[in-house]
Structure formats: C-alpha cells, structure tokens
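S.K.: The structure is given below, and queries will be raised subsequently.
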Amino acid sequence: ESGLLMLCRQTPEGLTKDFDGNVARSSCVSRVPQDGQIVGVLGHMHTLGKSFRLTIAPGTDREQILLDIPEWSFDWQMNYGLAKPLRVKAGEEILMECSWDRRTDPEREPKYIVFAEGTEDEMCFGTYGLVVDD
C-alpha cells in the first residue's frame, strides 16, 4: 500500500468509487501535531483541478474553513496568510478535499492520470503554517 493511501486511510477502490468518467474527488484527514496558531495555508493541484478546501475540526462546533477555492486555477498555488491567526490544539483534525474534472482541458489527449509532479499529472496537496506554543 502506498504511503499516501496509508496516510489518508484510503484504498484505490475507495478513491475511485464515485468517479463518473469526468470528475474525481479525494480527501485526507490529518491531525495538528502541536498546540499553536495556524498563520497561513496553501493548496496545490495541477491543470485539471476543480476545487480545493481545507477545514479545521470538521463536523465539530469549532469547524472552520481555512481555504476554499471552489473553482481552482493553476495560478493560485501560493501561501495565503490568514487575516487572523487561528488557535489550534494538538490532535485536532484537518480535512483536505480536492476534486478534478477532465473537462477542464478538453483538448488534452485522454490518458491515465497519476499522482505525480508533472503538470499533466495531478496532485491533492496542502500545507499550513503552524507557529507552535513555547
């Protein structure tokens, strides 16, 4: 089992169960490693990206969307500073959700798309800047 699938507790079958031939979706839950403040966020996908969202404490009364890009642009792969740092606790969940749409580039030759670094491959990658407490 690949490291990313294991990290996100996913299987290839689970990731592809809702694929309709055009739109694919993926999600991954990680945990904040230490108490502190999140000061910035980043989302990363390539040219077939459709949407990107990063949410802290999903499904709880502390749920807050940190980054929401409902119509992805390849040019938006940058760090975004939060207007106000967000206090977080060790162990809180962070949910990353991505979707892709093959129709975004209708001129592209159909091929099997893999998670890789090439621009015509795809990714679902996100980070956040955490200033840890002393």
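The values are calculated or read from the model by the stated rules, or taken from the named source; none is laboratory data. Keep in mind that this is a model prediction, so the values were computed, not measured. Glycine gets a Cβ as well: all are built from the backbone with ideal geometry, and neighbour counts include every protein chain shown. Please note that ligands, DNA and RNA were not included when accessible areas were found on the heavy atoms of the full protein model with its side chains. Shrake-Rupley method; radii C 1.70, N 1.55, O 1.52, S 1.80 Å.
S.K.: Where in region 119-133 does the label zone of residue 27 land, with the point 7 angstrom along Cα→C-beta and an amide N cut-off under 20 Å?
M.R.: Within reach of a label on residue 27, which here means backbone N under 20 Å from a point 7 Å along Cα→Cβ, region 119-133 contributes 123-128.
S.K.: Before anything else, pin down the relative contact order of region 10-134: Cα pairs under 8 Å, at least 6 apart, normalised by residue count, whole percent.
M.R.: 39 percent
S.K.: What residues of region 93-109 lie in the reach of a label at residue 20, counting those whose backbone N is under 18 Å from a point 7 Å from the Cα along Cα→Cβ?
M.R.: It comes to 98-106, nothing else.
S.K.: OK, next. Based on the Cβ-Cβ distance from residue 111 to residue 75, what FRET efficiency comes out when R0 is 25 Å, to the nearest 0.05?
M.R.: In this case the efficiency is close to 0.60.
S.K.: Which of 58, 38, 10 sits farthest toward the positive end of the charge dipole of region 1-67, with +1 on the Cβ of Lys and Arg and -1 on the Cβ of Asp and Glu?
M.R.: Working it through, the farthest residue towards the positive pole turns out to be 38.
S.K.: Expressed as a whole percentage, what fraction of the accessible surface of the chain belongs to carbon and sulfur atoms when a 1.4 Å probe is rolled over the protein heavy atoms?
M.R.: The computed percentage sits at 53.
S.K.: May I pose another question? Quick one: divide the alpha-carbon radius of gyration of the chain by 2.2 N^0.38 Å and tell me what you get.
M.R.: Dividing the Cα radius of gyration by 2.2 N^0.38 Å gives 1.10.
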